[in-house]
Structures are given as C-alpha cells and as structure tokens.
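Please treat every number below as a calculation from the coordinates, not as lab data. Remember, it's a predicted structure, so these values are computed and weren't measured experimentally.
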Amino acid sequence: MNLVLDNNVLISALLWHGEPARLVFSLTRNRKGTLTWSPALEKELIEVLKRDKFTQPISQAGLTPESLVEQVRSFARLVVPPPGFFHLLNCVIATIFMS
C-alpha cells in the first residue's frame, strides 16, 4: 500500500503519539505501507516545521526540523511527479504510475 499524506497528518505523526503516529509507523514498520512524497512536499514540510508554533514541541523532543525531515527520508520513497500546481495530487499520480 502506498501512502501519500498531507503534511499536517505527517507532522501530527512525527510530533505527537496519537492515532496518526500509530497508523503511519505501524504501516511503515511492518512494511504494509510505503510513505511516498515529493521534493515539493519535503520543502513544504521543512517550512512548516520552522513555524513558531512548532519550535517548543520540536525542541522539547530534542529534535530539529532538519532531523525530523531526515527521519521521514529514512522510511519514505521520494517520487518526482510531473510539473503542476497542486503537488500533493501530483505525488499521488506519480505514486500510481511508479507502483
């Protein structure tokens, strides 16, 4: 199963231990799912993680925005979708054709 997640869901999974974290990490650890993302989603993730509202939870966990992105890179598959405006949809399309 290929997963393409909005960065809000991914951030929730990375920073808090709720249902998104259980679902994402259970699927990826058990190799039942592969997180797929694009360079545009990665860039957006870095920008969002650097927002003031995430400074405290990230630093309290002993992490940085860059270390969180590295964590995602360790279990995600990078796809380069065709050019377009809506990068999340393009990532989904690229995932379908690369499967």
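Along region 34-48, what does the Karplus equation 6.51 cos²θ - 1.76 cosθ + 1.60 (θ = phi - 60°) give for ³J(HN,Hα), rounded to whole Hz, x for Gly and Pro?
For region 34-48, the Karplus-derived couplings read 10, 6, 10, 8, 10, x, 5, 5, 5, 4, 5, 4, 4, 4, 5 Hz, x marking Gly and Pro.
Classify region 16-76: rounded, prolate or oblate, from the alpha-carbon gyration tensor (a ≥ b ≥ c, eigenvalue square roots; a/c under 1.5 rounded; otherwise prolate if a/b is larger than b/c)?
Oblate, because a/c is 1.5 or more while a/b does not exceed b/c.
Once you have the Cα-Cα distance between THR55 and SER74, take 0.36 nm times their residue separation minus that, and quote the gain in nm to one decimal.
4.6 nm is the gain from fully extending THR55 to SER74.
Please list, in chain and number order, the residues 5+ apart from LEU3 or on another chain whose amide H is under 5 Å from its amide H, with Hs placed from the backbone.
For LEU3, the qualifying residues are THR34, LEU35, THR36.
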